[in-house]
1. What does the net charge come to around Gly73 if you take all other residues with beta carbon closer than 14 Å to its beta carbon, with K and R at +1 and D and E at -1?
2. Among 17-29, 188-200, 165-177, how do they line up by average Cβ neighbours within 10 Å per residue, starting with the highest?
3. Test of understanding: ordering Trp84, Trp238 by Cβ neighbours within 10 Å, fewest first, what list do you get?
4. For segment 113-119, take each phi angle, set θ = phi - 60°, evaluate the Karplus expression 6.51 cos²θ - 1.76 cosθ + 1.60, and give the result in whole Hz per residue in order, putting x for glycine and proline.
Amino acid sequence: MQPSSQYSHFEELRDRLLVKYREFVKASRTGGADGVDPVTGELDGKYRFAGYTAIGSAYAPDNGILFVSLDIGADPGPKPLEDWICRGGENGWPKNPHHNGMRLQAAKLLPGTVHCRYLDRVKDRGLRAKEIWKHWRGPDAPAADPLDHAAVTNFYKFVTLGRKTMRGAWDRCHRVGGRHGPPEKRLLLGQIKVLRPAHIVFHGRRLPEFLRWPEEIRKEFLELIAATRDEGSLPEIWRSHHPAWPGWGTAGRFVAGTDKWHYDALRRGNAGRGPGPDG
């Protein structure tokens, strides 16, 4: 039986992302270092790679949403390189506070769709995100999941081996060194280049930390993401609180959107100082 076109599309994205992951593994082994084990994801016997990419079943380059969260949380256990990329929500995206908040954000960024129209119907009721999600599960709510149009990855690519808690603030940093900046940052650039998202949503007050990258890497970021789009059309960069943050208010206020202003600020080197919440 021939695979469906959706499956073939996912396989194409996965194969292209695997090239970027293999480049990352190779970069981690420079200078005589043991580097990342491509079978277990372990690094130096202390950390495990956890910067996976999950791709929604309806994700489409040039129209999709890339969520960049801080980190994955608990140690997921060993996974071979081929399993670092998966079909997001293959058995249904999780229905936890984090993902529910992402659903609302995804719906907001899908104008003209059934998801956004339904969100418009409930957002003016002064409901918090959790209450809105309860409405979303009603009999008249869309059957499809807005996260099917999204891809998800993490800014910090490692967790401490055996870490059981979902909070990683105490050990978040880039673990692999390099002459041109941490390879984790270049891996993120590669993910963006392959996925070509229309929107990039960074979660957490500390993001996007690429604003503090060396100038040459920041320029590379701008050139890379600009090159993935038609001339004059740049992906929008959004900064938001953690999507499970309870203090949102109405659904229309949960992200601070930036477009051309943000790119101009990146070029000036002072992005993140403009209007709007830090997230």
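1. Values: positive: Arg48, Lys157, Arg163, Lys164, Arg167, Arg172; negative: Asp71, Asp75, Asp171.
Net charge in that neighbourhood comes out at +3.
2. Values: 17-29: 17.9, 188-200: 21.1, 165-177: 14.4.
The densest-packed peptide leads the list: 188-200, 17-29, 165-177.
3. On the way: Trp84 22, Trp238 26.
If I rank by nearby Cβ atoms, fewest first, I get Trp84, Trp238.
4. Running phi through 6.51 cos²θ - 1.76 cosθ + 1.60 with θ = phi - 60° gives 9, 4, 5, 5, 5, 5, 4 Hz.
Each reported figure results from applying straightforward, stated rules to the coordinates on display, with no laboratory input. All values reported here derive from a predicted model rather than from experimental measurement. So basically every Cβ, Gly included, is an ideal-geometry build from the backbone, and we count neighbours across all protein chains shown.
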